[in-house]
Every structure is written in C-alpha cells, then in structure tokens.
Amino acid sequence: MNNCALTYQCPAARNFALGRWECPVPASPACNANCVGCISLQPDEEPIVSTQDRLSFKPSPEEIVEFTVPHLESAPYPIISFGQGCEGEPLLMWESIRDAIIEIRKHTKKGSININTNGSKPDAVEELCKAGLDSIRVSTNSARREIYMPYYRPNNYDFDDIIESLKVVNRYGGWTSINYFVFPGMTDSVAEYEALRQLIKSTGLKMIQWRNFNIDPDWYLGKIGATDTGECMGVKQLQELIKEEFPQLHYGYFNPPMERIKGQFDLDFAHH
Ligand code: SF4
C-alpha cells in the first residue's frame with residue numbers, strides 16, 4: 001500500500017486506504033495491446049518511461065475477495081474496479097475475475113463491480129456480465145479505427161471488439177463508459193465528431209469520461225502517422241453538440257457508484 005498510495009499516489013489506492021469510494025483491484029501482469037503511451041510498460045528503446053511498474057503476479061480469486069468484500073460492505077459509495085494503471089489487460093485474467101465476482105456477490109450485494117479495460121475480448125465480458133459485473137469503462141484515444149489501431153497496436157483483437165464489448169454490457173443492462181483520451185486538434189475534428197456520434201448510437205453508451213491525453217503532440221502524431229488532422233471545431237463545441245443530440249449521456253471523470261448508476265446524481269461526496 002505504501003508504494004501505491006505514497007509513491008504512485010494512486011487515487012484509487014488512497015481511497016481504499018481511507019475506506020471510501022473506488023477500490024483498485026489490479027489482476028493482470030500481461031496485456032494484448034502495445035499502446036504507444038502505455039503507463040505500465042514501455043519498451044527500453046522508447047524515449048519515455050512508464051509511470052508505474054507493471055504488476056508482476058496474478059492475484060487469486062480468494063485474495064481478491066479478501067479485501068474487496070470489506071470495502072464494499074463498509075465504504076461510502078463503494079466501487080471495486082478491475083483494470084488499473086499498474087497492470088496489463090484485466091480481460092486476460094477473466095476466469096479469475098469471474099470467480100472472484102461470483103464469490104464476492106455471495107457475501108455482499110452492496111456497491112458496484114466495475115472493470116476498466118481495453119475492451120478487447122467481448123466474449124470474456126459476457127461471462128463477467130453473467131457473473132455480476134455492473135459496469136465497464138473502455139479506454140480509447142479515438143472513435144475511429146484508423147486512429148485507434150496505430151496507437152493501441154493490438155496483438156490479437158480489432159477495433160470492432162471494443163465496440164462489441166460496450167454493446168454486450170449494454171445488453172445486460174450494465175453501465176457503459178468510455179475513457180476518452182482528449183487530444184485537442186484531433187478529438188474535436190469533424191471526422192472524430194461523426195465517428196463519436198456513431199459509437200454512442202450503436203453502443204447505447206451511458207457516459208463519456210473526458211480524459212486529458214498527456215502525451216507529447218509531435219511524438220504522438222508521428223507515432224500514429226497522422227499528418228492532416230482535418231477541420232476542427234474546438235473541444236467545448238464538440239461537447240455541446242454531443243450533449244444536445246444525446247441529452248441522456250453523462251459526462252464525468254470517475255466511474256459512477258451504484259447510487260449514480262441508479263440515477264441519483266446529486267450525491268454529497270464531500271461529507272462521505
Ligand atoms: S491497454 Fe493498458 S496496459 Fe495494455 S498496452 Fe495499453 S495502456 Fe498498457
């Protein structure tokens with residue numbers, strides 16, 4: 001915990017230490033993507049270093065249940081989240097996560113069970129929904145394949161798989177968010193706007209978590225081979241246009257607790 005809360009200053013680890021809100025549950029040492037700006041593993045030949053060291057062990061379902069059940073039982077607005085910045089892709093550990101969810105729900109019905117993921121394995125997502133997963137957050141730098149693929153550099157999945165994962169959770173009545181990396185000059189392009197509209201319509205998306213994309217612009221554009229970013233409208237106008245067309249869509253920065261998933265958005269976090 002010292003390393004997570006004090007060295008990495010991980011907000012979720014600090015919340016867990018304080019017995020409130022979102023508790024992190026990293027589970028996977030491996031990943032099936034090779035993101036240009038990966039925050040847990042950077043190849044030696046790259047000029048940048050990752051902000052965390054990748055998890056080096058596979059927690060068992062029993063170990064996961066041991067600390068998550070007390071958190072769900074006692075924390076205000078409790079969430080447990082698989083898929084943290086210090087690990088690879090949690091869906092590669094879906095059997096352990098499935099078994100943990102089943103065991104957790106034998107002990108408590110409280111709180112939300114969420115997974116932050118690259119969304120690469122919709123079949124695994126379906127098994128987690130059957131086990132009791134409540135919400136999913138799929139990370140992406142774009143709603144367009146041609147911008148997504150050169151950034152994520154997937155080993156064995158395609159952009160369509162991440163869309164399908166959102167559709168699966170929506171079919172099971174779960175909460176769906178995208179962790180949307182905002183890069184002014186590209187995210188607010190007309191082409192991205194049209195693709196984002198399509199993604200929201202086709203998946204029944206519930207929430208966009210607008211995330212600052214902290215990356216060197218020249219390095220990023222060079223890496224994904226983007227030369228002409230096209231006509232842009234400004235991020236503020238993009239957000240307004242999307243909200244106008246999809247008024248039920250929520251904007252935020254954090255995964256919602258069950259209270260919010262059930263529609264209660266005026267929560268008083270300050271006093272809990
Ligand atoms: S999906 Fe996550 S862990 Fe995998 S390469 Fe991308 S940033 Fe790294």
Find all pairs meeting these conditions: Cβ atoms under 8 angstrom apart; at least six residues apart or on different chains; first residue within region 14-42 and free of Cβ contacts under 8 Å to residues at least 24 places away in the same chain; second residue more than 7 Å from the ligand (Cβ to nearest atom) and assigned to a helix (DSSP H, G or I). R14/A5; A17/A5
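Is there a residue being among the charged types (D, E, K, R) and farther than 27 Å from G174 by Cβ anywhere in region 241-249?
Step one: list which residues in region 241-249 are among the charged types (D, E, K, R), which gives 243-245.
Now narrow it down to the ones that are farther than 27 Å from G174 by Cβ: none.
No, region 241-249 has no match at all.
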Which residues, taken from region 89-115, are within 15 Å of the ligand (Cβ to nearest atom), part of a loop (DSSP other than H, G, I, E, B) and open to solvent by 10 Å² or more (accessible area, probe 1.4 Å)? none
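Let's see how each residue does on (1) over 24 Å from C38 (Cβ atoms); (2) outside any helix (DSSP H, G or I); (3) open to solvent by less than 30 Å² (accessible area, probe 1.4 Å):
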{"position": "G173", "(1), (2), (3)": "yes, yes, no"}
{"position": "T176", "(1), (2), (3)": "no, yes, yes"}
{"position": "Y180", "(1), (2), (3)": "no, yes, yes"}
{"position": "T187", "(1), (2), (3)": "no, yes, yes"}
{"position": "E192", "(1), (2), (3)": "no, no, yes"}
{"position": "S202", "(1), (2), (3)": "yes, no, no"}
{"position": "L205", "(1), (2), (3)": "yes, yes, yes"}
{"position": "A226", "(1), (2), (3)": "no, yes, yes"}
{"position": "Y251", "(1), (2), (3)": "yes, yes, no"}
Which residue is nearest to the ligand (Cβ to nearest atom), if the candidates are limited to region 60-88 and must be in contact (Cβ under 8 Å) with a residue 24 or more places away in the chain and charged (D, E, K, R)? E87
If a residue must be open to solvent by less than 50 Å² (accessible area, probe 1.4 Å), within 13 Å of the ligand (Cβ to nearest atom) and not acidic (D, E), how many such residues does region 151-164 contain? 5
Residue hits (region 20-56; open to solvent by 30 Å² or more (accessible area, probe 1.4 Å) and either hydroxyl-bearing (S, T, Y) or under 14 Å from L92 (Cβ atoms) (or both)) are P26, P29, A30, C31, N34, L41, S50, T51, R54, S56
Quick one: in region 134-171, of everything that is part of a helix (DSSP H, G or I) and basic (K, R), which residue is nearest to T108 (Cα to Cα)? R171
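The values are calculated or read from the model by the stated rules, or taken from the named source; none is laboratory data. Since the model is a prediction, treat every value here as computed from it, not as a measurement. Because the Cβ atoms are built from the backbone with ideal geometry, glycine has one as well, and the counts that use them run over all protein chains shown. Side chains included, ligands, DNA and RNA excluded: accessible areas come from the protein's heavy atoms. Shrake-Rupley method; radii C 1.70, N 1.55, O 1.52, S 1.80 Å.
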